[in-house]
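The values are calculated or read from the model by the stated rules, or taken from the named source; none is laboratory data. Nothing here was measured: the structure is a model prediction, and the numbers come from that model. When we count neighbours, we look across all protein chains shown, and the Cβ atoms used for this are built from the backbone with ideal geometry, even at glycine.
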Amino acid sequence: MKKGFIFFLITSVAFIPLFSNAQKLLSVEEAIAAALQNNYDIQLLKNDSTAFALDNSYAKFAFYPRVNGSTGLLLNNVNQKQKLADASLRKGTISSDNITASVGLNWTIFDGFKMFATRDKQKEFIKLGELNIKNQIINTVAAVVTNYYNIVRQKQQQKAIQEQMGLNEERLKQAEKRFSVGLGAKPDILQAKTDLNAQKASLLQQQTFIEQLKEQLNLLTAAPINTTYNVADSIPINNNLVVAEILNVAAINNPALQVAKQNITIATFTLKERKADRYPIINLNSAYNFGRLHNQRVLNNFTPITNRNIGFNYGLSATIPIFNGYNTKRQIQQAQLAIDKNKIEYEKIKATNQIAISNAFKTYELQKKTLALEEENILLAKENVYIAMERFKLGISTTLELRETQKTLEDAFNRLIAARYNTKVAETELLRLKGELVK
């Protein structure tokens, strides 16, 4: 993903009122766009990334001097008594005011290159923030796609139930017709009604389940509660994924892997900061000072009534680390351990992703083959039900035989719908691990 893509993707997607009552069909692309614009987790990470950028914008001032001003006013009222060498005595109350002002400059000109490491570390935090956003975007998109097509799946399940209801209604009609002419038995009518009522109950449960799934999608897209919409009727499948290509791209683009690698880089700069504490810190110090002392009365004729000082001073100071209880050594060791830990974490995530991709691809291939079989099975089951219904109408087939064919069709529908959805889930997981779910 090109640099700046995350920021562009999030900030430039114009919000469209996808969920208004006037818009009845919500596409998966529109759901993704709404999630990218409004998802709470993405917004939280955007806030973190903004904080990193704010810190980095001030990092350059680590190279600048610090300038501070100070001022003060001191009033004195002292009862003074002096006995001089000639035995004369002087006493009285002395009042004075002392005004001081100063502008001081402190500039660190060398700190073991710690300020450079800190500046570069802040830049890496910005990259980490972008990678965290990218990771969250991909995970959010995967969740939206999975949830969206789960709704589609349940809608297909609902249609399958409605189709079964149509068969049961036809079966009830035929059973009543046969009973009315004395060719059928009432238990056939009762069984047909029972089966039809069971299908109606299943339909109600399915409708409720679909609404619950829509609320989950509303949460991902930050849509208002009880927002209603329709979804697509089919689940498109990408049959051209290649495991070798996914593994190669994932090694570079997988966001979790990139985050782990970025943590190693940040830990490396932390180590540089700790090592800088071994070196002296050299500061340039300078100040411009003003002071004025005014005595309203003096006892000694040689004491000035007013004394004013204005001047500029400058110089260098050095703080040299000699011994601090091996605290610097301990911090350096801890920083090195953090690097080692992050490297192990990186290798762990890398191995975990490779295994996850391998397993997801096996599931993907299995579900594609299963889907092909179930698409053939559904045609056979439908033809079988058609033949059984025609035989039932002619009176040469029993209710039990018709029910068995219906049950076979119902199972075939369930397996077909599950195979389609599971194939899509495996495909989505592969693209998520690849790191290219969003293009």
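All conditions in (1) acidic (Asp, Glu); (2) within 50 Å of the chain's Cα centre (by Cα); (3) part of a helix (DSSP H, G or I) hold for Asp188, with the sole exception of (2).
Examine the stretch 133-152 for a residue that is polar (S, T, N, Q), out of contact with any strand residue (DSSP E or B) (no Cβ under 6 Å at 6 or more places or on another chain), more than 30 Å from Tyr40 (Cα to Cα) and touching a residue at least 24 places away in the same chain (Cβ under 8 Å), and state whether such a residue exists. Scanning the stretch 133-152, I find no residue that is polar (S, T, N, Q), out of contact with any strand residue (DSSP E or B) (no Cβ under 6 Å at 6 or more places or on another chain), more than 30 Å from Tyr40 (Cα to Cα) and touching a residue at least 24 places away in the same chain (Cβ under 8 Å), so the answer is no.
In the set (1) in a strand (DSSP E or B); (2) under 30 Å from Glu211 (Cα atoms), the condition left unmet by Ile235 is number (1).
Of all residues in the stretch 305-323, those being surrounded by 11 or more Cβ atoms within 10 Å (Cβ to Cβ) and modelled with pLDDT under 90 number 3. Number of residues in the stretch 399-436 that are surrounded by 22 or more Cβ atoms within 10 Å (Cβ to Cβ) and of a type in the set (Phe, Trp, Tyr) equals 1. Counting just the residues of the stretch 194-215 that are exposed (fewer than 15 other Cβ atoms within 10 Å of the Cβ) and more than 41 Å from the chain's Cα centre (by Cα), which one comes out nearest to Asn39 (Cα to Cα)? Within the stretch 194-215, the match that is nearest to Asn39 (Cα to Cα) is Lys200.
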